[in-house]
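Chemist: Dropping a structure here in structure tokens format, bear with me for questions.
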Amino acid sequence: MPDKKIQRPEEFAKEKITPEDKDENLVEMSLEENDALDDEIDEPEESDEDSKNTDSEIKDQLLRALAEVENMRRRSERDVAQANKYGHLAFARDLLSCFDNLSQAIALAPEDKSHFDENLKNILVGVEMISNEIDTILQRHHITKINPIGEKFDYNHHQAMFEVPNDDVEVGTVVQVAQPGYLLHDRLIRPAMVGVSKKTSSTDSKEENSVDKQA
């Protein structure tokens, strides 16, 4: 039996690509490129309506951000103004108790100081000057005293401590001030401690009349 001729690897390398094979390869490459271009062309482009919607959303977000920044700026300005206006309220409240003690000491001193020793007289005058200076400083910092004698009771600024029978004034009128109150601008530092008038009851008047008759 004749032996089959086996083709060696070297003979494969010697084979040449014919011009027809080259043309076929070029045709296949061109078809692949056309398919790729068709795929790119077939991709849906963003419509004008979608573009408008996107622009409106971005514009709305920007307006919201600007509004939020403006609100933050206004809040910051308001907080700074409030701090400048009412920041010393706690200090004023603590200082007023000392000022009350000083005022009470001056009120206990007699008006006629002629019989006092010269040194004691100078001390009393100095204390009065200090009290007047503190009062001026309080007014300079918009701290005003509430001394509502003869005024109608106001629960926003007054605190009723007791009632005083009095038919000469309208019921609910402040007839005594146990401790004055103070305001910082329009904010209450502390209320005025007051006594409020009330009507004299008929039973009280009858008891007084019976006591007078027995006497």
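Chemist: Considering each residue of the stretch 133-142, count those that are surrounded by 11 or more Cβ atoms within 10 Å (Cβ to Cβ) and either more than 31 Å from the chain's Cα centre (by Cα) or on the phi > 0 side of the Ramachandran plot (or both), and give that number.
Modeler: Going through the stretch 133-142 one residue at a time, the tally reaches 1.
Chemist: Among LYS145, LYS152, LYS121, which is of a type in the set (Lys, Arg), at pLDDT below 90 and either closer than 17 Å to ALA192 by Cβ or surrounded by 11 or more Cβ atoms within 10 Å (Cβ to Cβ) (or both)?
Modeler: Going through LYS145, LYS152, LYS121 in turn, the sole match is LYS121.
Chemist: Look through ILE137, ILE130 and report the one residue that is over 11 Å from VAL174 (Cβ atoms), in contact (Cβ under 8 Å) with a residue 12 or more places away in the chain and not in a loop (DSSP other than H, G, I, E, B).
Modeler: Sole residue among the options that is over 11 Å from VAL174 (Cβ atoms), in contact (Cβ under 8 Å) with a residue 12 or more places away in the chain and not in a loop (DSSP other than H, G, I, E, B): ILE130.
Chemist: Sort out which residues of the stretch 102-112 are in a helix (DSSP H, G or I) and surrounded by 10 or more Cβ atoms within 10 Å (Cβ to Cβ), and write them in order of number.
Modeler: Selection gives LEU102, SER103, GLN104, ALA105, ILE106.
Chemist: Check whether at least one residue in the stretch 150-168 is in a loop (DSSP other than H, G, I, E, B), touching a strand residue (DSSP E or B) at 6+ places or on another chain (Cβ under 8 Å), β-branched (Val, Ile, Thr) and touching a residue at least 24 places away in the same chain (Cβ under 8 Å), and report yes or no.
Modeler: Checked against the condition, which is being in a loop (DSSP other than H, G, I, E, B), touching a strand residue (DSSP E or B) at 6+ places or on another chain (Cβ under 8 Å), β-branched (Val, Ile, Thr) and touching a residue at least 24 places away in the same chain (Cβ under 8 Å), the stretch 150-168 yields no hits at all.
Residue-by-condition table, conditions (1) within 16 Å of ASN132 (Cβ to Cβ); (2) within 40 Å of the chain's Cα centre (by Cα); (3) among the hydroxyl-bearing types (Ser, Thr, Tyr):
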position	(1), (2), (3)
ARG78	no, yes, no
GLN82	no, yes, no
TYR86	no, yes, yes
ARG93	no, yes, no
SER103	yes, yes, yes
ALA107	yes, no, no
PRO110	no, no, no
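The values are calculated or read from the model by the stated rules, or taken from the named source; none is laboratory data. Computed from a prediction, not measured in an experiment: that's the story for all the values here. Note: ideal-geometry Cβ built from the backbone for every residue, glycine included; neighbour counts use all protein chains shown.
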